[in-house]
Each structure stands twice: as C-alpha cells, then as structure tokens.
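What follows is a set of notes on a single structure, which appears directly below.
The values are calculated or read from the model by the stated rules, or taken from the named source; none is laboratory data. All figures in this text were calculated on a predicted structure; none of them were measured in a lab. Neighbour counts run over all protein chains shown; Cβ positions are idealised from the backbone, glycine included. These area figures cover heavy atoms from the full protein model, side chains too; ligands, DNA and RNA do not enter into them. Shrake-Rupley method; radii C 1.70, N 1.55, O 1.52, S 1.80 Å.
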Amino acid sequence: MKKRSLALGIIALLFFLGFFPTQSDARIIVGLSSVNVAFLPVYVNEDKGLFKSEGLDVLLVLFNAGATNLQALIGGDVQIMGSAFVETIGGRAAGVDVTNFWGICNLMPFQLYSQPSFKSMKDAKGKRFAISRFGSLTDFLTRATLRHFNIDPKDVTILQIGSTPARFAALAAKGVDASIVWFPVTEIAKFQGYNKLLDLKEIFPEWPYETFAARESYLRKEKDQVTKFLRAYQRGVKYTLDNKDDAVRIMKKYVKMDPAYAPAGYDEYRDSFPLNGQIAEKAIPTVIDQEFESGRLRKKVTVEDMVDRSFMRAMGK
C-alpha cells in the first residue's frame, strides 16, 4: 500500500512539474511561410493568448518560403501550415495528402517592380527576375506574368533570392532587373522611383492568398484539436476586424514594418480576412491548369483534391 501511495505521489509530482502533458498542453506547431500582414489574425491570436483559451499550446514557426514550410509539413515537423495556396498544389500532385481547410486571406497583394530603365514587359527577354524559391508563390506568379505577356519563362533568368526584403535589396543593388513584391515594399519601391510593370490583380482579381493547410490524415485524427484551433482563430479574426488600433499595434510588433505604413497596411488587408474561413476558389482551376501544362505537376489535381470544406461548413456560420 505504501509503495502504491509513493508511486501515485511521484506521478502527481511529475504532472506538477510538467513532465507529462495535460489536456491544456495539447501542442500544435504551425508553420508560417513568411512574415506578412496577411497573417495578422494569427499574430493577434498569439498576442492575445486566444489559442491558450481553448487549451492549446500553439507554437508558431517562421519559414522564408512556402516550399520549406511544405517540406516541414511532409516531414511531420509542423502539423498545420499557414501558406500560399499555390505552394500546396505541387505537394498534392506529388502524392502527399495535403489539403487546404481554412482561408486566412483572400487578396492579390503583389505587384511587379523593375529597374527604372525596364519600362515594359516587351523588354523582358534576357532580364533577371527574383523569386523566393523555386516552387514558391513568387515563382508561380512570375511565370504566370511572363505567360500573360506571351513570354516563355525560358527566355528570362529566374533567380532564387529569398524573402521580399531580400529581393528588394537585390533590386536596389541592381543584382536583378525585376521582382514581385508586396506591401509595404510596393510603397517603398514607388517612392524610390522603381517602375511598376504590373499589378497582379489585373491577372488574378480574386485570389486565395494564404490558407491553413494540413495532411488529411492529421485532420481526421485530430479533428477536435483542429476545431478548437479554428474556434480560437475565428475570435482572433473578429478581434482584428473590430479593433483597428490594437491590431495595428500587433502588426508593428510582429511584422516589424515601418510604423508609418502600418495603418495603411491594416486598411489594405482588413476586408480580406474571412471570418467564415471561405477560400477564394475561382482562380484555383486556372492555377492547376497552368502548372500542369508547364510540366511542373506530375499529375493533374482537382479543386476537390485541394480543398477540404468540412470545417468551413461546420464553423463558417
């Protein structure tokens, strides 16, 4: 009896010291593919402790590109990825059971800026275009822009440079001729006299920019945890929409942008955060077709392959 009491006492002590997980310790590792205004509701959740209110220990891990985030998801290092929708298509086509289950931001924020002497896409042949990584959203959008102007991507040089600040630095150093950038670098580029070749809203007026994605096997196994995660996330979206001043404060804290640009950034992105989790699906078939026709997909996938609507149906109301 004494041995049993001693054993129970040791177990209780270990729980107290945190050696065993409790219900409130359920950890979800979420990979984010960039530091980005589009993830503002995620930052709000982190700042306000909303995930903890659902008994979740959510760890945010930052990546410099969606391709590396996807690799981490495939390897089991993250359970949920917040990333550009496009960056999940290649994984699905390669046989990975990745699916997008909640919309974070429906917006096309990208613009293509170039050296002042590079005035028109008619002059694109032979030019150097910066992207983050091959297989990333910037890679797809650069190629889509070239095709839009009937230019074969093989007729230009596409260079892996890294994040938006790194690509803009390469543009400033004249190491590249053009790069796709987003806010607030778009404002900085305009102010410094770089040439705007294209606002990509002209090609994709509706765009599923950032989504939450996961492996289908994880969503089936951890449905209750994912539901708690999304319930907390919805509260974060609601708070973001209703509290501009605090949301701007949080943006400045996490995105590290020039404070002068933060209010305008909030205004530009605010209406793109869906409270019901809906993903702007209209552009998805076009993206799949272009990627398949270019030979960058091993097989053609469907919208139904790429989108799990069950959580949106259950919680979107």
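What the table shows:
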{"item": "Subset of the range 236-249 [over 19 Å from the mean Cα position of the chain (by Cα), surrounded by 18 or more Cβ atoms within 10 Å (Cβ to Cβ) and in contact (Cβ under 8 Å) with a residue 24 or more places away in the chain]", "result": "Y239"}
{"item": "Extreme residue, most open to solvent (accessible area, probe 1.4 Å), among residues of the range 152-170 that are at pLDDT below 95 and over 23 Å from the mean Cα position of the chain (by Cα)", "result": "K154"}
{"item": "Members of the range 26-53 found to be closer than 21 Å to L219 by Cβ, open to solvent by 30 Å² or more (accessible area, probe 1.4 Å) and either in contact with a Cys (Cβ under 8 Å, 6 or more places away or on another chain) or at pLDDT below 95 (or both), listed by number", "result": "R27"}
{"item": "Test: residue in the range 236-246 that is among the aliphatic types (A, V, I, L, M) and part of a helix (DSSP H, G or I)", "result": "yes"}
{"item": "Restricting the range 250-269 to residues that are among the charged types (D, E, K, R) and surrounded by 14 or more Cβ atoms within 10 Å (Cβ to Cβ), the residue that is farthest from L141 (Cα to Cα)", "result": "K252"}
{"item": "Residue in the range 271-284 that is aromatic (F, W, Y) and surrounded by fewer than 20 Cβ atoms within 10 Å (Cβ to Cβ) present", "result": "no"}
{"item": "Which listed residue, of A144, A213, is open to solvent by less than 20 Å² (accessible area, probe 1.4 Å), within 21 Å of the chain's Cα centre (by Cα), among the small types (G, A, S) and within 30 Å of K52 (Cα to Cα)", "result": "A213"}
{"item": "Unmet requirement for Q79, which otherwise passes all of (1) of a type in the set (S, T, N, Q); (2) more than 19 Å from R296 (Cβ to Cβ); (3) without any contact (Cβ under 8 Å) to a residue 12 or more places away in the chain", "result": "(3)"}
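Condition check ((1) at pLDDT 90 or above; (2) over 16 Å from F129 (Cβ atoms)) across all residues:
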| position | (1), (2) |
| --- | --- |
| A172 | yes, no |
| V176 | yes, no |
| V181 | yes, no |
| P184 | no, yes |
| A189 | yes, no |
| L197 | yes, no |
| L200 | yes, no |
| F204 | no, yes |
| T211 | yes, yes |
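Conditions (1) assigned to a strand (DSSP E or B); (2) open to solvent by 30 Å² or more (accessible area, probe 1.4 Å); (3) of a type in the set (D, E, K, R); (4) free of Cβ contacts under 8 Å to residues at least 40 places away in the same chain, marked per residue:
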position	(1), (2), (3), (4)
L73	no, no, no, no
S83	yes, no, no, no
E87	no, no, yes, no
G90	no, yes, no, no
V96	no, no, no, no
F101	yes, no, no, no
I104	yes, no, no, no
P109	no, no, no, no
